[in-house]
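Asker: Below is one structure. I have some questions about it.
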Amino acid sequence: MELFPMRNLKLTDRNCRGWRIVGSGIVSLAALLVLQLLNPSSASQYSEVMARAGGIMEGAISAIRNHRPVASAALDLNIDPNQTGLIGPEYSPLMTTLGQLEAKRSTTNPNMAGLIAHLLYQAGVRAGDTIAIGSSGSFPAFLVASLAAVKAMDVYPVCILSLGASSFGATDSEFDLLDIYAVMQRSGVCGYPPAAVSLGGEKDIGEDFEPEARERLIRKIRNEDIPFIYEPDLARNVDNRIAIYERNARGRIAAFVNSGGGYANLGTSPLALKLRPGLNTRMVLPPKEARGVLFEMAARATPVIHLLYIKGLTQRFGLPWDPIPLPHAVERAEFGGTRFLGLRFWLVCISYFVSLCVIVPLK
């Protein structure tokens, strides 16, 4: 008489196990779907634009390569084996601080332009917007990459250049950052002149330059008829730059791109050392008197793209370190994988495992 109830009990247990398997599968699929939605690589509608940016930078490097031997000394294959024309000498009258050669060569990857486009899209920048660019001579390839991304995205750039550079940057006295920008204009990458230029270096007025080099740069800037920023006081310098950006903008400034470690762009606060490379939308602000343009833009709720600490940047977004030979621009660019390391990824994982423990309790 007791055999039938036992059989029914076994059937019930088997049904429960079946429903638990089905429930676990549903939860797993739901977690996968949520992760796909959170993953920026799912927004592939922009991948072609990012790839186009890489192609534009590739063409720009070719234009620089062809121009530099005419304007300056022949390319030094010992420091620039990829013949980009974007790697300057280690020491020169324009050199302000020591720089890492491998980091400089890593930034010449054409796909850096696609990465900057990706970061601009993450910041909410779209076609027709204005972005502000503050570029020192330390990473001239980042200026080229930013202009290539801007062209691919149909965005309007307002650029302020600082001519001082760390080792292996735009340190060639006969081919400085202003000359590189001029090649970008002639090759059609950028149709607009710089909004302003400063000497860069110590206090943004080239205090660490040799007097002859400083005077030569001042004459060059004035001959180009470009607004010249010469202000050692940080707060006044920053206010001047913000006013130039706003005066030249077409509508609101949708993002600020900082390239390098210029005095006026970073300021004097040690908080600048804590900024992560890439997009920064929230940051601790230093006192007004210590803020560079980067922090002042953040204080105005403008997204900031910080292009420094190259090793961390390449690791975070899966780009090669010191590539030889130079990579070609990819046909479809994706830079979303590392965002899974963020808080939302771990929240989804924790929710997933808690749900499994509820459905399939441990015995």
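Each value in this text was obtained by applying a stated rule to the coordinates, not by laboratory testing. This one's a predicted model, so the numbers in the text were calculated from it and none came from an experiment. Note that we place each Cβ from the backbone using ideal geometry, even for glycine, and neighbour counts take in every protein chain shown.
Asker: What is the spin-label model distance, in nm, from D154 to A235 if the labels are put 7 Å beyond Cα along the C-beta direction?
Answerer: Placing both labels 7 Å along Cα→Cβ, they lie 4.3 nm apart.
Asker: If you don't mind, there's one more thing I want to ask. Cα gyration tensor of segment 51-334, axes a ≥ b ≥ c as square roots of the eigenvalues: rounded (a/c below 1.5), prolate (a/b > b/c) or oblate? Write out the running numbers ahead of the final one.
Answerer: Values: a/c = 1.37, a/b = 1.06, b/c = 1.29.
Judged from the Cα gyration tensor, segment 51-334 comes out rounded (a/c under 1.5).
Asker: Let me ask something else about it. Nearest 0.05, what FRET efficiency do R186 and T97 give at R0 = 41 Å with Cβ-Cβ as r? Each step should come with its number before you reach the end.
Answerer: Details: r = 30 Å, r/R0 = 0.73.
Here the calculated transfer efficiency is 0.85.
Asker: Tally the DSSP beta bridges in segment 51-334 and give the antiparallel ones as a percent, rounded to 5. Write out the running numbers ahead of the final one.
Answerer: Values: 4 of 28 bridges.
Here the share of antiparallel DSSP bridges comes out near 15 percent.
Asker: Still on this structure, please answer the following. Rank these for me by crowding, T171, T97, going from fewest to most other beta carbons within 10 Å.
Answerer: On the way: T171 27, T97 14.
Arranged by neighbour count, lowest to highest, T171, T97 become T97, T171.
Asker: Summing Lys, Arg as +1 and Asp, Glu as -1, what charge do residues with Cβ under 14 Å from the Cβ of D80 carry, D80 excluded?
Answerer: Numbers: positive: R65, R68, K104, R105; negative: D76, E90, E102, D172, D322.
Taking every other residue near D80 into account, the sum is -1.
Asker: Let me ask another. Tell me, in nm to one decimal, what length is gained between D76 and R222 on full extension, where the rule is 0.36 nm per residue of separation less the Cα-Cα distance?
Answerer: Working: separation 146, 0.36 × 146 = 52.56 nm, distance 3.04 nm.
Roughly 49.5 nm would be gained on extension.
Asker: Mind giving me the nanometre distance, one decimal, between the label points for E90 and T268, set 7 Å out from Cα along Cα→Cβ?
Answerer: About 3.2 nm, to one decimal.
Asker: Give the distance, in whole Å, between the Cα centre of segment 253-325 and the Cα centre of segment 72-112.
Answerer: 21
Asker: Continuing with the same structure: Starting from the alpha-carbon convex hull of segment 71-182, give the projected area averaged over all orientations, in nm².
Answerer: On the way: hull surface 26.9 nm².
So the Cα hull casts an average projection of 6.7 nm².
Asker: Right, another one. So between E174 and R276, what do we pick up on full extension, going 0.36 nm a residue minus the alpha carbon distance?
Answerer: My answer for the length gained is 33.4 nm.
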